[in-house]
1. Could you grab me the full set of residues in region B:259-297 that are part of a helix (DSSP H, G or I) and either without any contact (Cβ under 8 Å) to a residue 60 or more places away in the chain or within 16 Å of ligand 3 (Cβ to nearest atom) (or both)?
2. Under 6 Å between Cβ atoms, which residue pairs at least 6 apart in sequence (or on different chains) link something in region C:108-132 that is under 15 Å from B:D385 (Cα atoms) with a partner that is within 16 Å of ligand 1 (Cβ to nearest atom) and among the hydroxyl-bearing types (S, T, Y)?
3. For B:G150, state whether it is more than 8 Å from chain A (Cβ to nearest Cβ), in contact (Cβ under 8 Å) with a residue 12 or more places away in the chain, assigned to a loop (DSSP other than H, G, I, E, B) and not hydrophobic (A, V, I, L, M, F, W, C).
4. Only residues that are surrounded by fewer than 16 Cβ atoms within 10 Å (Cβ to Cβ) and either without any contact (Cβ under 8 Å) to a residue 24 or more places away in the chain or small (G, A, S) (or both): list them for region A:241-274, please.
5. From B:G55, B:G27, grab the single residue that is part of a loop (DSSP other than H, G, I, E, B), more than 16 Å from ligand 4 (Cβ to nearest atom) and either within 14 Å of chain A (Cβ to nearest Cβ) or more than 30 Å from B:W516 (Cα to Cα) (or both).
6. Inspect all residues belonging to region C:350-363 and state whether any of them is at positive phi and at pLDDT 80 or above.
7. Of all the helices (runs of 4 or more DSSP H) wholly in region B:353-455, which have at least 2 residues that are within 11 Å of chain C (Cβ to nearest Cβ) and in contact (Cβ under 8 Å) with a residue 24 or more places away in the chain?
8. Go through region C:212-241 residue by residue and tally those that are within 16 Å of ligand 1 (Cβ to nearest atom) and more than 7 Å from every other protein chain (Cβ to nearest Cβ).
Amino acid sequence: MSTATGYFIPHDARWPIVGSIGLCIFFYGFGLWLNEAAFGKELFFIGAAIIVFMMFGWFGLVAKESESGTYNTQVDSSFRICMMWFIFSEVMFFAAFFGALFYARSFSGPWLGGVGGGGAEMTNAVLHTGHDYVWPSNGPGDVGGNFQPMGWFGLPLINTLLLLTSGVTCTLAHHAIRAGHRKPFIWWLLATVVLGAIFIGLQIEEYIHAYTALNLKLTSGIYGSTFFMLTGFHGFHVTMGAIMLFVVMIRAIRNHFSAENHFAFEAAAWYWHFVDVVWLGLFIFVYLF
Amino acid sequence: MSSNDVTHHAPDDHAHHDHDEHGPAPGLMRWVTTTNHKDIGTLYLWFSLIMFFIGGAMALVIRAELFQPGIQIVDPMFFNSMTTLHAIVMIFGVVMPAFVGLANWMIPMMIGAPDMALPRLNNWSFWIMPFAFLIMLSTLFMDSGGPAGGWTLYPPLVLQMGDSFAFVIFAIHFMGISSVMGSINIVATIFNMRPPGMTFMKMPMFVWTWLITAYLLIATIPVFAGAVTMLLTDRYFGTSFFSAAGGGDPVMFQHIFWFFGHPEVYILILPAFGIVSSIIPTFARKELFGYDSMVYATASIAFLSFIVWAHHMFTTGMPLAGELFFMFSTMMISVPTGVKVFNWVATMWRGAMTFETPMLFAIGFVIMFTVGGLSGLMLAITPADIQYHDTYFVVAHFHYVLVPGAIYSLMAATYYWLPKWTGNMYDEKLGKMHFWISTIFVNVLFFPMHFVGLAGMPRRIPDYSLQFADWNMIATIGAFGFGFSQLMFVYIIVKCVRGGEKATGEVWEGARGLEWTVPSPAPYHTFETAPVIEPSTVTR
Amino acid sequence: MTSNVSRWALLSLMLLLVPLGAWADWGALNMPQGVTEISNEVYTLHMRIFYICCAIGAAVFGVMIYSMFVHRKSKGVKPATFHESTTVEIVWTVVPLIILIVMAIPAARVLIKMEDFSDSEMSIKVTGYQWRWHYEYMDSGVSFFSQLEPTHNQARQMGSDIDLQSTFVPEAGNYQGEGEIYLKEVDNELVVPVGKKIRFLHTAADVIHSWWVPDLAVKKDAIPGFINENWALIEEPGIYRGKCAELCGRDHGFMPVVVRAVSQEEYDSWIAEKQSAMASVTEQSERQWAHQELVSVGEKVYQANCMSCHQAEGQGIPGMFPAIAGSEVATGSIDLHVDTVMNGIEGSMMSKFSDVLSDADIAAVITYQRNAFGNSTGDTLQPAHIKSLRDGLDISAPASVAALPDMNTTTGVN
Ligand code: HEA
Ligand code: HEA
Ligand code: CUA
Ligand SMILES: [Cu+2]
């Protein structure tokens, strides 16, 4: 139903409660699983399945409403604002991990190595005698054993180029749809998704290399922790972004979008660019320096 | 109601397009599937009232144990989980949801919008909360007990927790999702749902404060989520964020936590500022003094709140330069906050005041919040804070800003808007009694904490030295008095919901703003036709 | 309605005054002035900001209250219509700023002084453990643990019948001490000389603690894996009591600090005594002990270290702390028992005691547990066994539990 002003106000929202129950089961299951309790894994996957089901249902409903022209431009801009600030919240989530990286490298690391004011010198002299701080560090306890850091050349560099290229193809897709060219739109989208998929594939490759050849693991002290958490969460976001773009592509094939009305694509594209920018941050602060 | 010459349409004026079939759905499912901002607001408000009694009951366990020296009722471990859960419930389960509930009810009505921007998302934001607290509170019944490391969750202590640790973390993630979605919705509503003519500077202060609060939430809750995620991986996946052996640092958690935690305390107070800025002008029958500077002050507080976090960490061994910076920046917050206080006083000045219950609570808020703010200023002075830190002086400080601060603003808001919500006047006599009894007891409860704190009683202890006995006993008496007098609050609300003298649309003689232009109770759908807002229309 | 309001207001004021009657001791309501130059400066600063805050409060509330009484509708006033004034806005932005600057300058001065760690004359490393402090005199090699005194420890157990008022209050006649010291007494005091700039190095072994002595105005977090510096120069001899100030788990409320400041001569002789006592620790773990001797020492160790969790009768707390009485560990294989006590149990509150207790104490408490609370294995465990385990395990013996001879209270060695 829409109001006299034409703003669409839905009724009888049934998906949210499904989502809540799904999330609840998911988290409960995850908690049990972490504690190696019975049914943990099962509940985790049941919860995840419910969430996926909810997403299909909910987004499907929105897509249908959108197709049937229920939304006016004001609704459209609500979606835009929403997506924008959602992405901002994601940026802040990454900020926490970048903050941790920054803090470890500029404060706790040097402090443990005896550099800095206050008790730094004594910290090193009394508690960590002989520990020298140099960045790729797994701390005075040599946690996780000797490892080699991940260089920036090779896979990471290729990945950077891949993602940058995918940003370009994504923008080309945008130009295409704005001009109403559906075919090129789909092709550019496909290129973007494929580039994303290759990126993920290469990242898996990189992780395997890290674990087997470099002895670099999640447990390799603070370097391993920040490396895998940052790149891992990023990889997860790439996956989500690629899925979004893939769904958009399917919808494009089914002719859901027009030159004027293609917000679903734009939202996914914003997300994709955000993932791109985060990667540049990663490439600079995790790999390069 | 001369000031409110807004053109609007009550719903029955409408042409009856497909409306009526979308009145509230019958039965329980109405509440589960509702997308109506008023319904969702109601759900939030009831939820938070229930949680208030749960969190309060936990506080009473704390106070009962502290009634006398020695350990009488609970094991120290359980005591610590009471402290922790009390804080988590009160902050995330009471004050925040209550403010979101008020935002839901009032923001669309205040700006003349038909509903929130994204009604389905709005429903979800609420329907996450009960599940989140289900998980959180269920940890109390697990073998390893509830979280007992304080609401600040400092590692390595919190990592010693047993199996329920994972559930605590996930419950926090869960609540975070709700807060972020709720805030995004509020931002979208305020930006996108204003009818033509409703400029930013015509919005009521409550809308402004919530807009800024929503930004604080969107910017900090994800950081908190990141911090607890690192705790989770340190505990279960062998990362070393907070362990020196691996090159991390326990203090790093504190920095990340307080980067969230300090803005969080302003999240708990900015909407309160908005409420009080609505109520005082009404009962002083005089326009809010210095509206523009109120807006700028709110924005300045929000901005400053991002650069003061380490004032919670003056004893962690920060470098001198850091301590100086955080001391100065923290002190600066007093300036915009002072502007607010002075503006309220100036609004009262030469008004024609009456003292109905909402006004009493609002004035109580201003006075007692200022008491808490001034002790906050004392805490900001680093060398003195080294003595105050982690004592009951801090506990006194934050309860003054939170209980007669945030909680009072919620009560003021409830009394103020209850007639609008229910169509009935609440019982004024009981309301006044509720105010006076609460105010006496809340001071008996929290004022003595300043003394025992200064004299050296640390916080988070289940037992204390004999010299603190008298004041603790008094505080406990205050706690039970304050706690049980809140049953009056529930009684008054229920009584008002069930009936009473009928309220007019305007309700209060000096009321200003669009919400008073619709009938009481506010119809299920308001402003489906956008109100016409002229430059001369009074909207705040 | 007006009269109604004022009636209530008056009543509330009167009720607020009631608690004032409980003011037994005005001095106990404020921050102590302390015994160092810094603590005095902090006190002065505290009083100054306190008075400024009172003045601000008085001014703001004064205006409000005046307005509430005069500008009320019932008096027939018509509301004014003014609602902004740039001038006053500027005034009440600038005036507070000036007040803040007046506060900030002395505060910064004191802070800078506090953070000056140079020229210290001796160093003491203070390590926080759950829930005891370990002190190490870096210049003389003396080191020991310090924890809540056993009588206090017993009195604070849930359901203990010990009457705090008649046990820990000197007027009650039973207690030999100055002032009420419930929960403020330790087994081994930190003894320091007056007139010397002492540098404290704070760290922790498990979780974050915070070493706080109000009279010295020092409070610094003890962070595992890091050292924080701090210092004090005590001017008057005396006993200064403090607490752990950072939540550190179940018994956070029960890890007091006691500093005894004495003259240099007294201090020197105390150090010498400690040094010789430490030498005898090795001796104690090598000699053969009698069964009964181990049991009686073990009982004391148990009461000081284990009772708070496993309870006085070894009954434990169901669901939280296992019983020792009839426990499979305490009646079964002795090796598992030794391992449990020495290395603790991963991921539980049962911590590792090999750092904390001496060989003799460990042997004694194990012997005790195996022969008390109805456990009757008849086993005797010799300290020498623990020592050999330690040597084999390469766990260095703590130089701790210093001074068995003068520790009658804890270990009761005759
Ligand atoms: C609603 C919540 C709220 C609010 C609004 C505040 C407001 C302030 N807080 Fe508070 N604070 C908490 C909640 C809050 N706090 C909590 C929960 C904790 C403890 C967390 C924990 O450890 O568990 C805490 C702890 C805390 C600490 C750490 C103490 C410690 O652990 O050692 C400090 C230190 O600086 C501090 C300072 C301040 C300051 C300067 C303000 C200022 O914003 C106050 C400003 C207001 C005024 C100053 C009064 C009005 C002004 C005037 C009348 C103008 C005239 C004034 C001057 C000229 C100065 N707070
Ligand atoms: C908005 C936040 C908020 C609110 C409203 C309160 C309200 C109260 N708080 Fe809270 N408190 C905190 C936030 C808050 N607190 C925080 C953040 C901490 C720090 C935690 C930490 O250290 O980690 C804290 C810590 C804290 C402590 C210190 C604990 C310690 O350090 O060990 C104490 C001790 O007295 C206390 C007491 C109280 C009391 C008596 C109330 C009263 O106002 C409560 C009023 C009581 C009721 C409303 C009870 C009503 C119940 C009944 C009438 C019983 C009937 C029951 C049923 C019908 C189910 N609180
Ligand atoms: Cu150690 Cu608190
Ligand atoms: Cu703060």
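1. Hits for region B:259-297 are B:F259, B:F260, B:H262, B:P263, B:Y266, B:S293, B:Y296, B:A297.
2. Correct list of pairs: C:L111/B:T382.
3. Here the answer is yes, as B:G150 does meet what is asked.
4. A:I243, A:I250, A:R254, A:S258, A:A259, A:E260
5. That would be B:G27, the only listed residue that is part of a loop (DSSP other than H, G, I, E, B), more than 16 Å from ligand 4 (Cβ to nearest atom) and either within 14 Å of chain A (Cβ to nearest Cβ) or more than 30 Å from B:W516 (Cα to Cα) (or both).
6. No, region C:350-363 has no match at all.
7. B:357-380, B:382-388, B:392-401, B:428-454
8. 2
The values are calculated or read from the model by the stated rules, or taken from the named source; none is laboratory data. Just so we're clear, the structure is a prediction, and the values are computed from it rather than from any experiment. Cβ coordinates were reconstructed from backbone atoms using ideal geometry, including for glycine residues, and neighbour counts include every protein chain displayed.
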